[in-house]
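**Student:** This is the structure, below, for whatever I ask next.
The values are calculated or read from the model by the stated rules, or taken from the named source; none is laboratory data. What you are looking at is a predicted structure, and each value in this text was computed from that prediction instead of being measured. In this analysis, Cβ positions are derived from the backbone assuming ideal geometry, glycine residues included, and neighbour counts consider all displayed protein chains.
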Amino acid sequence: MPDRTILLKLWGVSLLWGGNYVASAYMLREFSPIFLSFARLVVMSLFLISVAMIRHSMRKPSRSEIGLLLLAGISGTLINQLFYFTGLQHSTAGNAALIIALSPIATTLLSRIFMKEEITLVKITGAIVALVGVVCIVLYGGKELGISKGDVYLLMAMLGMSVSLLFIRKLTVSMSSYEVTIYSTVIGTILMSPAVGVEAWNGQLHGSHNWLVWLLLITVAVIGQGLAGFWWNQGIAVVGPSTSAMFMNIPPFVAIIVSFFVLGDPIKAAQIGGGILILAGVAITNMKRRQPQVRTAGVDVNG
């Protein structure tokens, strides 16, 4: 397959993932946050399972792999999704995209703390630059001046994703990212069932009565996450992680622009300035880096 086709797919992934944040914010007008997260994950899980059944390419994980998959599902799907949708309800799509973009930096720092990986002065510099960007967004880029509850929840969602990437990094030594994505997503979806029950018990669960909104949910889960995730992994395999990583600078700004026109969210100078600092920090941190794994294993379940 020619590289031009792959690059077009990577552009498509960037636009889809940027648009997903806006679609999620829009659907929160019709759904309660936990039910929306659960419904979207169910659709995505069914899609991934269907692909696995068609391809006949899944193998049974070992006992040690099951433990790591469980931890990846808890942190990367359950915790990440619960905090993501709850936070997005009290923040903006643009802020969500920018804060989630900090994940590679957080993963680098967590790898140093828990896996004793080397962290250079360049990486430390990148982390500081990115953190300054986050402070700008959290303090001045929200719906109101100061730290909002929504942005704090989004930071927790980002940390959940970052922790899961540590487990995914270990899993992809013996399993394909395709297998890790399917198993961890399905596990996380099952583990979210009790949270949906609690939301219903408290009388807070509600869903849309508009079939077009449900169609949007299905489209986001299948195309915006499932298919886009496969395109992303394909792009990494063909053009390499360095070229693919450049496309991850696009979704936050797509989210800001689309949310301005679709949701009426204002574009603030703090978002633009903070976003540039975050993306600059990510770029600095990944200088001279040749390893593919940070955001490469599987589908981005946010957005």
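**Student:** Looking at region 25-53, I want the residues that are polar (S, T, N, Q) and have a partner that is part of a loop (DSSP other than H, G, I, E, B) with Cβ atoms under 7 Å, at least 6 apart or on another chain. Which pairs are those?
**Tutor:** Going by the 7 Å Cβ cut-off, the qualifying pairs are Ser32/Gln204; Ser32/Leu205; Ser32/His206; Ser37/Met192.
**Student:** Additional query: Can you confirm whether region 175-190 contains a residue that is assigned to a helix (DSSP H, G or I) and within 13 Å of Leu36 (Cα to Cα)?
**Tutor:** Yes; the residues of region 175-190 include at least one that is assigned to a helix (DSSP H, G or I) and within 13 Å of Leu36 (Cα to Cα).
**Student:** Starting from region 113-135, keep only residues that are charged (D, E, K, R), then list their pairs with residues that are surrounded by 15 or more Cβ atoms within 10 Å (Cβ to Cβ) whose Cβ atoms are within a distance under 7 Å, requiring at least 6 positions of separation or different chains.
**Tutor:** Final answer for the pair search is Glu117/Ser111; Lys123/Thr108; Lys123/Thr285.
**Student:** Using beta carbons and a limit of 6 Å, which pairs, at least six apart or on different chains, have the first residue in region 183-210 and touching a residue at least 40 places away in the same chain (Cβ under 8 Å) and surrounded by 15 or more Cβ atoms within 10 Å (Cβ to Cβ) and the second one in a helix (DSSP H, G or I) and of a type in the set (D, E, K, R)?
**Tutor:** Leu205/Glu199
Residues checked against (1) modelled with pLDDT of 85 or more; (2) closer than 26 Å to Arg29 by Cβ; (3) of a type outside the set (Asp, Glu); (4) part of a loop (DSSP other than H, G, I, E, B):
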{"position": "Glu144", "(1), (2), (3), (4)": "no, yes, no, yes"}
{"position": "Ala195", "(1), (2), (3), (4)": "yes, yes, yes, no"}
{"position": "His209", "(1), (2), (3), (4)": "yes, yes, yes, yes"}
{"position": "Leu216", "(1), (2), (3), (4)": "yes, yes, yes, no"}
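**Student:** Considering only residues of region 44-100 that are β-branched (Val, Ile, Thr) and over 24 Å from Thr172 (Cβ atoms), which is nearest to the chain's Cα centre (by Cα)?
**Tutor:** Among those that are β-branched (Val, Ile, Thr) and over 24 Å from Thr172 (Cβ atoms), it is Ile99.
**Student:** Kindly list the number of the only condition in (1) part of a helix (DSSP H, G or I); (2) surrounded by 16 or more Cβ atoms within 10 Å (Cβ to Cβ); (3) at pLDDT 85 or above that fails for Gly229.
**Tutor:** That leaves (3) as the condition not met.
**Student:** Still on this structure, I have one more. Closer than 26 Å to Ser45 by Cβ, buried (at least 16 other Cβ atoms within 10 Å of the Cβ), at pLDDT 80 or above and out of contact with any strand residue (DSSP E or B) (no Cβ under 8 Å at 6 or more places or on another chain): does that describe Pro292? Before you say what the answer is, go through the steps one by one.
**Tutor:** Numbers: closer than 26 Å to Ser45 by Cβ: yes; buried (at least 16 other Cβ atoms within 10 Å of the Cβ): yes; at pLDDT 80 or above: no; out of contact with any strand residue (DSSP E or B) (no Cβ under 8 Å at 6 or more places or on another chain): yes.
Judged against the criteria, Pro292 is not a match.
**Student:** Among the residues of region 108-126, which ones are within 23 Å of the chain's Cα centre (by Cα) and either assigned to a loop (DSSP other than H, G, I, E, B) or among the small types (Gly, Ala, Ser) (or both)?
**Tutor:** Ser111, Gly126
**Student:** Across region 1-39, which residue is surrounded by the most Cβ atoms within 10 Å (Cβ to Cβ) among those that are hydroxyl-bearing (Ser, Thr, Tyr) and under 21 Å from Leu212 (Cβ atoms)?
**Tutor:** Filtering first and then ranking leaves Ser37.
**Student:** I've got another one for you. State all residues of region 46-85 that are in a helix (DSSP H, G or I), touching a helix residue (DSSP H, G or I) at 6+ places or on another chain (Cβ under 8 Å) and over 26 Å from Leu102 (Cα atoms); if no residue qualifies, say none.
**Tutor:** Residues satisfying the conditions are Phe47, Leu48, Ile49, Val51, Ala52, Glu65.
**Student:** With the structure loaded, tell me whether Val222 is in contact with a Lys or Arg (Cβ under 9 Å, 6 or more places away or on another chain) and more than 20 Å from Ser164 (Cα to Cα) or whether it fails that test.
**Tutor:** The answer is no for Val222.
**Student:** Of the numbered conditions (1) surrounded by 16 or more Cβ atoms within 10 Å (Cβ to Cβ); (2) not in a loop (DSSP other than H, G, I, E, B), Val135 fails exactly one; give the number of that condition.
**Tutor:** Of the numbered conditions (1) surrounded by 16 or more Cβ atoms within 10 Å (Cβ to Cβ); (2) not in a loop (DSSP other than H, G, I, E, B), the odd one out for Val135 is (1).
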